[in-house]
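K.L.:
Structure below; questions to follow.
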Amino acid sequence: MAKIIGGITTSHIPAIGNAIANESFEDPYWKSFFDGYPPIREWLAKNKPDVVINIYNDHGLGFFLDKMPTFAIGAALEYQSEDEGWGIPALGAFPGAPELSWHIIEGMVADEFDITSCQELAVDHGFVVPMQLFWPGAPNNPDMPLAIPISANTVQHPLPTLNRAYNFGKSLRKAILSYPEDIKVVVLGTGGLSHQLDGERAGFINKEFDRMCMEKIVTDPEALTRISRRELVEKAGAQGTEFLMWMMMRGALGAKVKPLHQNYHIPISNTAAGTMLLECTA
Ligand code: DHB
Ligand code: FE
């Protein structure tokens with residue numbers, strides 16, 4: 001049977017993609033950010049997941065404001081990364097795991113989650129930058145697992161609630177654990193932490209709120225489900241709503257997790273960057 005070995009999180013700021021392309025790892029602006037990744041890469045190299053469920057938010061490449069699924073799951077053989085205007089190189093195709101995708105979609109629809117299934121899906125920086133951070137050279141890293149993209153709407157209101165995101169993760173967990181193949185799955189939540197890119201509060205960052213989220217996501221994720229969407233925008237910024245994907249990831253890990261590593265760095269571009277590794281204990 002399939003096993004979920006842990007969860008990883010990272011911000012997905014496009015500037016990171018450019019810093020990787022320019023190999024700015026030792027640059028003083030970037031160093032303490034990139035230093036947050038080797039311990040997680042070591043854990044991945046040791047534990048060798050077969051599949052990564054990459055939970056991100058599409059920002060207008062795969063979907064646009066005319067059609068915006070609340071939750072979409074990729075069910076393709078591969079996912080193309082494309083030029084989305086940030087100047088980051090398009091990296092080609094990321095191989096998928098369509099059999100597991102359909103198993104998850106069937107399980108979650110039976111569990112009464114209304115899923116948009118995507119047999120073709122271009123993936124943007126929200127998906128691609130985290131793959132590059134955890135598997136350098138991706139998609140040409142032989143240790144990179146097969147990937148299944150799951151996109152949540154954090155772009156156009158009404159957004160799903162944090163409670164719905166957490167319950168989505170719980171249903172995703174049930175679906176993965178019922179897959180009959182002996183595979184190891186890691187769940188990746190991308191985006192956040194606090195940031196606002198436009199309007200009067202452009203540049204808004206809330207360290208205290210981010211720190212609280214990083215603590216409670218380990219010890220008491222249920223408490224975070226009680227934060228309303230309005231409060232989330234107030235406290236985390238308009239784009240800080242990307243924390244929804246962290247909650248989806250957390251729901252998939254089960255009740256207890258062991259926090260093995262974390263890093264918090266402000267700012268990268270306009271965003272507070274948070275990185276975590278949570279190992280499943282059951
Ligand atoms: C930035 C952050 C994001 O999450 C994003 O999707 C695009 C840009 C930024 O801080 O520049
Ligand atoms: Fe984003």
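Readers should treat all values here as calculations from the given coordinates under stated rules, not as data from a laboratory. As the structure is a prediction and not an experimental result, all values here were calculated from the model. Virtual Cβ from ideal backbone geometry, glycine too; neighbours counted across all protein chains shown.
K.L.:
Can you put Lys170, Lys256 in order, fewest other beta carbons within 10 Å first?
P.N.:
The order, fewest Cβ neighbours first, is Lys256, Lys170.
K.L.:
Beyond 31 Å, what share of the Cα-Cα pairs of the chain is found? Please give it as a whole percent. Before the final figure, lay out each step's value.
P.N.:
Working: 6828 of 39621 pairs.
Counting every Cα pair in the chain, those more than 31 Å apart make up 17 percent.
K.L.:
Follow-up. Taking springs between alpha-carbon atoms closer than 10 angstrom, which of Asp58, Asp66, Asp210 fluctuates most in the Gaussian network model of the chain?
P.N.:
Asp66
K.L.:
Just from its helices, what would the mean residue ellipticity at 222 nm be for the chain, if runs of 4 or more DSSP H residues each count -39500 (n - 2.57) and the sum is divided by every residue, rounded to the nearest 500 deg cm²/dmol?
P.N.:
The helix contribution divided over the chain gives -9500 deg cm²/dmol.
K.L.:
If a/c stays under 1.5 just call it rounded; otherwise compare a/b with b/c (prolate if a/b is bigger, oblate if not). Do that for segment 41-117, with a ≥ b ≥ c from the square roots of the Cα gyration tensor eigenvalues.
P.N.:
Taking the square roots of the gyration eigenvalues as a ≥ b ≥ c, segment 41-117 is oblate.
K.L.:
Also, quick follow-up: Of the beta bridges DSSP finds with both residues in segment 3-258, what % are antiparallel, to the nearest 5?
P.N.:
Counting DSSP beta bridges with both partners in segment 3-258, the antiparallel share is about 25 percent.
K.L.:
Neighbour counts of other C-beta atoms within 10 Å: give me Ser11, Ser117 arranged from fewest to most.
P.N.:
Ser117, Ser11
K.L.:
Between segment 250-275 and segment 170-210, how far is it from one alpha carbon centroid to the other, in angstrom?
P.N.:
9
K.L.:
Would you please give the residues with an amide H less than 5 Å from that of Gln80, counting only those at least 5 places away or on a separate chain, with H modeled from the backbone geometry?
P.N.:
Long-range HN contacts for Gln80: Phe94, Leu121, Val123.
K.L.:
Check which residues have an amide H placed less than 5 Å from Ser194's amide H, if you skip close sequence neighbours.
P.N.:
Asn206, Ala272
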